[in-house]
Every structure is written in structure tokens, then in C-alpha cells.
Amino acid sequence: EEDRRRREEEDRRRREEEDRRRREEEDRRRREEEARREEARRREEEAARRREEEARRREEQRRREAEARRRREEEELRQRQQAAASAIRKVIQKVRLATPETFDTARTELEDCLRGKLDQLGPLERAVSDEAEQTLKRTQRRIDEENERRAEEERKRLEEEKQRKEEEARVERLMSEAKERAAEAEKKVNEADHSALALGDIKDATPDTMIEAAYSVHKVVESARAVVDATSQWMREKLRDLTDNRASRSNVMDFQDMTTKLEGSRKSLERLADKANSTRERAGKKKAALRTEQERRASFEKFDKDEDGKLSREEAAAFAKEIHSYELPEEALNKIMKVLEPLTFERFHPLHQKVALVKLEAQARVKRAEQEAKRKFMEEQRDAVLQVIDEADNLLGTIEENVVRAGRDVEPLSSESREMPAEDTKVAAGAVKTLISTQLEDLNTVQEKLQKAEADSATIEEPQGFGKREISRLANRRDRAQSKADRILTTAQQALERAEKKARAEIDAKLTESVAALHKQRSGQGKTIEQLFEEAAGGSESVSREKFAAFITAVEGLTFTDGQAERLFDYVAVNGADLTKERFVEATRLFYKCVKSTVANQELSIKSKTVRRLEVDEVLEAVDGPAKEEGASLRRVKCKAWSDSATGWVTIEGNQGTAFLREYGNFMLVAREHSKQEAQETSGDKADEVPKGSQADDEGTTGDAEMSEPPSKPADGGQGAEDNAAHGGDTGEAAKDDDLASADYAAPEDDGYDAGEPGPMAEAEGAEAGGAAAD
């Protein structure tokens, strides 16, 4: 049975297999038949397509052949037109280049060419005709201009020929006149030479005769010189006319030779004039010598009282006294008489010379004594100037050393003063400032000494400018030391100002920290600020400096350096007076600034009813707290809004670290002053609610109290908006696992205040302190 079932199964499978192969074979044959029919159809379509393409190709071939025939015909026509146009343009070119002699021939040829080939031009006929016509017009105009130019040139040539002949006639007349003038000048020069011959025969004549002869010669020479000068001037003027008339080179050379000859005649006349002047000078000297000899003889005879022909000892002394205004010493008179005795007339002039020499020697001795005294005086002046210069030099050396030392001391202040404690910086800067101030006074002393030395040096005649180089060198050193000292003083002053500013910032930050710590301790102990005052005052009505220091240093969480608590007291006290209760309460007020929009609740719990929403940059005054809200583990503080006195509990910081409030110091800055009326107009009834930190001054004005903006610093905006869900409405639903926040409000940028930077402050001293005191 099993075998039977197996065989039946196998038969069934075989039949199924055969049926499947038969169906596949039938399908294959059917597909092949469809493929053959499709191939036949495709071949028929391909044959039809080829027949269509062949018909299109034959049509395209016929079209191309027709197009080629048309193009050949057009090309042949164009070539014939171009050939005709080219032939005409060649003739046109001949017309363009034609001269007056060939123009008529070229124009006839062009006209013939146009008549024969114009009908062959086709569309070029108009252009070629216009070109030919324009060419004929332009060429005719050019030929006419050329004929006019040739006629003008011929006219100019005739005029130049006429002008040349006239110039030749003028040159001939000019040369003739020049020769006549030169001959006349030469004649005058010869006359002067002849008259000067007489000067050689009068050497032994009297002075008057010599002067008369010289005058006669001078007169003739001057007459001849006038003629020569006039002729030379005329020839110089006519030489330009000669060259302007384009005379021949030989004429110009002859003219120049005459000019040169006249120049030689002028020099001869100058020599004759010099000879006549020399004769006149000799005559004058001879006449003066004769007159001097007569005067000497008269003077000799005047002092020769005894008329013995010689001067005695007494007569020689009288001569010296009267003539030279000098009384001869006995020794000098003995020497003179020993050399010249007997003193006859022939030795009278040597006596005159020796007396004058003795007088000059006496005057020289007096002058040498005066010069010696002057030299000693000038040496004393120079020594005094040198002493002043040495004193200035020594003082300047000390100043330079001190300035260098001050420069070393001030160098750390310019770079490290921001890291140094403010008090150390103030001490160092004050020491440098004191030292430099002393050096500046000494520099003034040096300046005074140099001015005195320069004034004394100006009175010294020899040598000129004594000590000026050294004074100038010391002045330059003083100026350099002055400049360096000024820079050091400026650096020290800047460091001192930075230190004072830093000290104010440090003490302001410490005050903010102390006020926050006091409020924290007050909140923890359940006390009021007034009770803290009673504790600090110890039963007194005010808190002294010592009590304040002891009280504040005992506050939990505060640490002070040496003297810092005392400086904090001085910072908040009014003119160093003890702190009254009012001043203590005022000094311990704590303000916050809203740095991220949040809400104020009526109770400590964030689920309590909302008072209102707080906007960024609103200023709030702490009323109670800070306290911890146990439900959401948040630090909250009870605040009063400065803008509308709305009071409520506000979250300081979210549970993920996002800040909503930031401590904002406890002093106001008076940004500007205005009248009370203006304040009431701008602030209304709120003007009375300005914190006590900005009080009215003595003159009845009130400060527009504003919280000044501290230095900017980027806010921590990466946390997202926080705590808004806890304060978003009256429902007050608390967030459990995430930061208490709302995505509806983005974190604003922080303006960068922290405990290490100065907060906004300005201390109001009250009416007794004279008004509001600024930072």
C-alpha cells in the first residue's frame, strides 16, 4: 500500500511536472511568436523610417544644390560688382593723389570710368557714386588751396628778394658811417696822446705848473673819451641792426674789429688819465711836503727862544708839553737829548717821533694795568659762575639718583597695583609722591641756579659764551629729570587714585557683605535691626568705633583683616561721629536688584497668592529674611518694591542655581540734582518714598536718586528660565524634580556686579554735613 501510494504520488508529480513543462513551452513559444511579430513590425517601421529619411535626404540634396547655384550666381554677381567698384576706386585714388598738373586728366579718366562701369555696380552704385563725387570735391578744394599756396609763396619770395636788397643797402650805409665814426674817435685819441707828451718834461717844475699841465691833459682825455664812448655805444646798438639785417660774415667781422679797436683806444685813454692823475697827485704831495717843511721850520723857530739854531733841554720839554700834551719824564728826556743833541732843525722831526713814541709807551703801560685788573675781575666772575654750575651739578646728580630710585619704587605700582592690597598701594604711592615732590622742589632750585649762572655768564666779555655749553648740558639733564619726575608723579598719583578707588570698592563690597550677614543673623535670631543696634550699643544711645568693630567682627560668616572693621565704621559714620540708631538702621538697609523676571508672593511659601510680577532691573529693599522655603528648598527674602512699595516674598536663587535677585548694596547715588517741584512733577507722591540714602540738601534741592549701574558682566543664561512655574499665578504649583522656572521668560543678561566689585553707593550725610555726598 505504501509503495502504491508512493507510485501514485510520483505519477502525480510527474504529470504535474509535464503539465508545468508543457505550459512553460507553450508560454515560451507564445513569447517567441510575439517577439517575431514585434520584430517584423519593428523592421517594417525601420524600413518606413529609412524611406522617409531617404526622401528627406534627397529633398535636402535638391535644396542644397539650388542654394549652391544661387550662391554661385550671387558670388559671380558680387565679384563683377566688386571688380567694377575696384576699377572705379583705383581711378578715385588717382584723383586723390593728383597734382594741379595732373588733376584734369585724372578727373576725365574718372568720368569715363563711371560712364562705362556704373551700371555694373548694382547695390554699390550709390556708395561708389557718392565716394567719387566727394573725392572730386575734396580734391578740387585741395588743388585750389595748393594753387593759392604756390601763389602766396611766389609773392613772399618776391618780397624777401626786395627786403634783402634793401637790407644790403642799409648795411652798406651802416658800414660807411661806422668807419667815419671810428676814424673820428681815433683822431681824438691821437690828440690825447700828443698832449700827454708834455707831462714828461715837467718833473722838476713847480707844483702849480705840474697841476696845470695835468689838468690840460685830463681835459683832452675826457673829450676823447666822450667821443670814444659815444662811438662804442653807437656801434653796440648798430651791431644788433647789422645782425638783424643778416649782413655778410665779412661785414660783421669788420664791424667787430672796429669795436675791438675802439676798446683798445678806451684803455689807452684810461692810461693817459691815470698818468695825468698821477702827475696831479705828485704835485699835491710835493706841495704838501713844502708846506709841512715850512710849518716845521716855523714850529722850530717858535720853540727856539734864544734863536741859536738849536733846541735846549728846556725848549724840548716845552715842545713835548705843548704839541703832544705830554710832560716828558726826566729819564726819557735825558735819553732823547743824549741821542739827538745838538737839536738842530734837521733833528727836529726825529724829536717829534721820539716824544710820540715815549707817550705811546706810557699809554700802553696804563692800558696793560687796566687789562690786568679787568682780567682778575673776569677770573673772579668765571670762578663764581663755575661754583654755581658745580652746585647745580651736584644737586642735579642727587636728584637723578632719587628719581631713579623713585622710578624703581613706582614701577610695581604701574603693573601690580591691581593685585596689591589697596592700603599697601596707598602707602607706596604716597612715599613715591613725597619723594618726587621734594625732587621737584630741588629741580626748581637747580633751575634758579642755572638761570643765575647764565645771567652771570652773559656779563663775562672774554671768552664769549663762557659756561654756556655746560649750562645747556645741565639744563637738558634737568629737563630730562623733570620729565621723568613728572611721569613718575603722574604714575604715583594714578596708582594712588586707583588704590583709593579700590579701597572704596573693597570697603563698599565689605559693607554689602556685612549688611547681608547682619540680615541673615537677624533673620536666624528673629530679631529686628533696632534690637541689633541695642546689642551693638550695649545700652548706649550710639555705637562707638570700638563697639562697632567688636560687634561686626562677631557676626557669623564675616572675616576682617587688620583695621578693616574700623575702616568700615569710618565709611558709614557721618564725619567720624558715633552711629546713632537712625544712622545704624539706615546704614544696614539692604537692596536687591531683579536680574530675572519673577513674582512676589504674599507669604514665604511659593504656593501663596501672588502680589505681582517683578520685571528685570527693578530695585527692591529687604524687609525680612532671607529665609528658607522648606517645600521647594528655596532661599527667599521679603522685599518692598522701590517703584510702588509692593511688598512680598521673592526667591533669591532657583534650585538649579539661576539667580533672580542680586544684592545691590545699601546706598543710593545722586545722579543729578533738581528742584523738589520737578521731583514731584516727575514722581508724584512717590517722591516722598525715596530711601534715606539721598536726602535734601541745605538749598532745598533733592537728588534724583537712582541705582547706578555697576560694571557689566555676562549673565549665566545657560540655565534657562527658572522658578517661574513656582510663581506664575495664584495656583502656586511647585516643581519637584526640575528647576522652578517657566519657559515664557528668557534669562536677561546680568550687568556684572559681584562682591569683589564696587556697588552703587553715595553717602547722604544729612543737613549738618552739608547735603548729599557722592561716591
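The values are calculated or read from the model by the stated rules, or taken from the named source; none is laboratory data. Model, not experiment: these values are computed from the prediction. Cβ sites come from the backbone with ideal geometry, for glycine too, and all protein chains shown count toward neighbours. For accessibility, only protein heavy atoms count, side chains too; no ligands or nucleic acids. Shrake-Rupley method; radii C 1.70, N 1.55, O 1.52, S 1.80 Å.
3J(HN,Hα) couplings calculated from phi for region 584-600 with the Karplus curve 6.51 cos²θ - 1.76 cosθ + 1.60 (θ = phi - 60°) are, in sequence order, 5, 4, 5, 5, 9, 5, 10, 10, 10, 10, 6, 9, 8, 4, 8, 10, 9 Hz; Gly and Pro show x. Ligands, DNA and RNA left out, the accessible area of region 528-584 computed with a 1.4 Å probe is 47% carbon and sulfur. 3J(HN,Hα) couplings calculated from phi for region 347-362 with the Karplus curve 6.51 cos²θ - 1.76 cosθ + 1.60 (θ = phi - 60°) are, in sequence order, 9, 5, 5, x, 4, 4, 5, 5, 5, 4, 5, 4, 5, 5, 5, 5 Hz; Gly and Pro show x. Once backbone amide H atoms are built at 1.01 Å from N, Glu618 has Cys594 as its partners under 5 Å, excluding neighbours fewer than 5 places away on the same chain.
Measuring against 18 Å, Cα to Cα, the residue pairs Lys527/Lys628; Lys188/Lys219; Lys302/Lys335 contain Lys302/Lys335 as the ones spanning a longer distance. Take the solvent-accessible surface of the protein heavy atoms, probe 1.4 Å, and return the percent of it on region 326-471 that carbon and sulfur atoms account for. After summing per-atom areas, the C and S share lands at 51 percent. Taking H as built 1.01 Å from N, whose amide H comes closer than 5 Å to the amide H of Ser608, not counting residues under 5 places away? Those qualifying (amide H under 5 Å, at least 5 residues apart or on another chain) are Glu603. By accessible area, using a 1.4 Å probe on protein heavy atoms only, region 1-113 has 45% of its surface on carbon and sulfur. The residues of region 243-328 have, on average, 67 Å² of accessible surface per residue, using a 1.4 Å probe with all protein chains present. Judged by the mean number of other Cβ atoms found within 10 Å, the most tightly packed of the peptides 623-635, 327-339 leads the ranking 623-635, 327-339.
As a calculated quantity, the FRET efficiency between Asp570 and Lys609 at R0 = 56 Å, using C-beta atoms, amounts to about 0.80. Equivalent-ellipsoid semi-axes for region 231-347 (Cα gyration tensor, √(5λ), whole Å, largest first): 69, 14, 11.
Accessible area per residue for region 376-487, computed on protein heavy atoms with a 1.4 Å probe, is 59 Å².
Amide H to amide H distances under 5 Å link Thr598 with Leu614, where only residues 5 or more positions off or on other chains count and H is placed in the peptide plane.
With 5 Å bins beginning at zero, the pair-distance distribution over Cα atoms of region 570-648 amounts to 3, 14, 21, 21, 14, 10, 9, 5, 3, 0 %. The residues of region 329-372 expose, per residue, 69 Å² of accessible area to a 1.4 Å probe. Loop-located trypsin sites (Lys or Arg not before Pro) in region 492-567 (DSSP state not H, G, I, E or B) with no more than 16 neighbouring Cβ atoms inside 10 Å: Lys527.
The HN-Hα couplings worked out from phi for region 2-17 by the Karplus form 6.51 cos²θ - 1.76 cosθ + 1.60 (θ = phi - 60°) are 5, 5, 4, 5, 5, 5, 4, 5, 5, 4, 4, 5, 5, 4, 4, 5 Hz, whole numbers, x standing for Gly and Pro.
With both labels modelled 7 Å from their Cα along Cα-to-Cβ, the Ala66 to Glu24 distance reads 6.3 nm.
These residues, Arg126, Arg225, go from largest to smallest accessible area, 1.4 Å probe, as Arg126, Arg225.
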